[in-house]
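Beneath this line is the structure, given in structure tokens, with notes to follow.
The values are calculated or read from the model by the stated rules, or taken from the named source; none is laboratory data. Everything quoted here is computed from the prediction, not taken from an experiment. Note that each Cβ is placed from the backbone with ideal geometry, even for glycine, and that neighbours are counted across all protein chains shown.
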Amino acid sequence: MNLIQENSSLHDLNTFGIRVKARYLARIASEQALKKVSESPVFRESQQLILGGGSNILFTKDFEGLVLKVDLRGIQVVEEKDQSVIIQVGAGENWHQLVLYCVEHGWGGVENLSLIPGTVGAAPIQNIGAYGVEIRQVLQHVDGIHLETGRSQRFEVDDCRFGYRESVFKNDLRQKFFISSVTLRLSRKSHRLDTHYGALQQVLERNKVDHPTIQDISDAVISIRQSKLPDPAVLGNAGSFFKNPTVPLLHVDSLRKDYPSLPVYPVDNQNVKIAAGWLIEQCGWKGKTIGNVGVHEQQALVLVNFGDGKGEEIFQLAMKIQESVIKKFGITLATEVNVI
């Protein structure tokens, strides 16, 4: 069977729903399949793009190279002890479905990361995080293959060089390392629950939950995210388009003179994070529509495709938002979404 398809639509493989094509597309369901594809002339002569769930990418044009669609599946218990369990998960598994699987089995550590779109393999690339938890806190190691050499390598936590929505896979190894599986260490008992985020506390209080379980936290996070973020199956989007910027305290102090309600979150003694959504909203973008694209009416961080929008339209909108935030606040917003 020929693993490489020609002139394949990527419309259903990106959550923005952009109508673009790939010159070549290969669905990789095993490391053996990747090895076979890597031996082909198409692989040697083409630029490669590793594609997971397509929930963190914006295509502005057709991709003229080879798209490697990550389709490796499976959840395997590697080690189970009284207090903990170690599981190895195929990179093509859906992240949210994995979280639900873990919660159902009583395994704690990822419940705060419920309803984050994308695949398991993409999770360490972004160092996904939400409501006080990041994947690095439960990660054991990442396994994969270097595309240039075909060499397998395991990355322990320290090797991943994690930062805020950053990792070595997103920087030095960007599109060079194919993640095949992710191994997590989760708790079976005495779960360390993180409920300090205000929105999470409010939902738990509203539900009259005094002693939350991992199921309660997962349900609360799902409720919050569903109330703020549009379903990509209904309205094309890639979640948060921009990162929350880290800003020096001196700059924040000057801004607070005009914006006393500026929402900030401590980083260290010299810097804080500012909510990017608040900055965008203050610039008047929330709910704004330009042609076939726009900014979501309930969450200014989310750019949306109303159906027939092109990737270039969304990209131009993003640049206009960046320009207005720089002009008003002197702050540069970095994109969380990868623009191709």
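Inside the stretch 136-156, residues that are without any contact (Cβ under 8 Å) to a residue 40 or more places away in the chain and either surrounded by 16 or more Cβ atoms within 10 Å (Cβ to Cβ) or not assigned by TED's automatic domain parsing to the domain that holds residue 94 (or both) make up a count of 3. Of the strands (runs of 3 or more DSSP E) lying entirely inside the stretch 163-282, those containing at least 1 residues that are buried (at least 20 other Cβ atoms within 10 Å of the Cβ) span 177-187, 236-240, 246-248, 271-274. Being without any contact (Cβ under 8 Å) to a residue 40 or more places away in the chain and in a strand (DSSP E or B), is that true of even one residue in the stretch 78-96? Within the stretch 78-96 (the criterion being without any contact (Cβ under 8 Å) to a residue 40 or more places away in the chain and in a strand (DSSP E or B)), the answer is yes, since at least one residue qualifies.
Scanning the stretch 258-276 for residues that are over 20 Å from the mean Cα position of the chain (by Cα), among the hydrophobic types (A, V, I, L, M, F, W, C) and under 16 Å from residue 330 (Cβ atoms) returns 262, 264, 272.
Go through the stretch 9-19 and give me each residue that's aliphatic (A, V, I, L, M) and either assigned to a loop (DSSP other than H, G, I, E, B) or surrounded by fewer than 18 Cβ atoms within 10 Å (Cβ to Cβ) (or both).
As a first pass, look at the stretch 9-19 and keep what is aliphatic (A, V, I, L, M): 10, 13, 18.
Within the stretch 9-19, 10, 18 meet the criteria.
Checking the structure you have, find out if any residue of the stretch 98-106 is in contact with a strand residue (DSSP E or B) (Cβ under 6 Å, 6 or more places away or on another chain), outside the structural domain of residue 46 (by TED's automatic domain parsing), surrounded by fewer than 18 Cβ atoms within 10 Å (Cβ to Cβ) and charged (D, E, K, R). No, the stretch 98-106 has no match at all.
A quick yes/no check of all residues on (1) under 25 Å from residue 17 (Cβ atoms); (2) surrounded by 17 or more Cβ atoms within 10 Å (Cβ to Cβ); (3) within 17 Å of the chain's Cα centre (by Cα):
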site: 59; (1), (2), (3): yes, yes, yes
site: 63; (1), (2), (3): yes, yes, no
site: 82; (1), (2), (3): no, no, no
site: 85; (1), (2), (3): no, yes, no
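Residues of the stretch 286-330 that are at negative phi, more than 23 Å from the chain's Cα centre (by Cα) and assigned to a loop (DSSP other than H, G, I, E, B): 288, 292, 308.
Every condition in (1) in a helix (DSSP H, G or I); (2) in contact with a Phe, Trp or Tyr (Cβ under 8 Å, 6 or more places away or on another chain) holds for residue 22 except the one numbered (1). The residues of the stretch 115-162 that are in a loop (DSSP other than H, G, I, E, B), hydroxyl-bearing (Ser, Thr, Tyr) and under 22 Å from residue 101 (Cβ atoms) amount to a single one, 131.
Would you be able to say whether some residue in the stretch 10-24 is among the polar types (S, T, N, Q) and either within 30 Å of residue 190 (Cβ to Cβ) or assigned by TED's automatic domain parsing to the domain that holds residue 214 (or both)? Checking the stretch 10-24: not a single residue is among the polar types (S, T, N, Q) and either within 30 Å of residue 190 (Cβ to Cβ) or assigned by TED's automatic domain parsing to the domain that holds residue 214 (or both).
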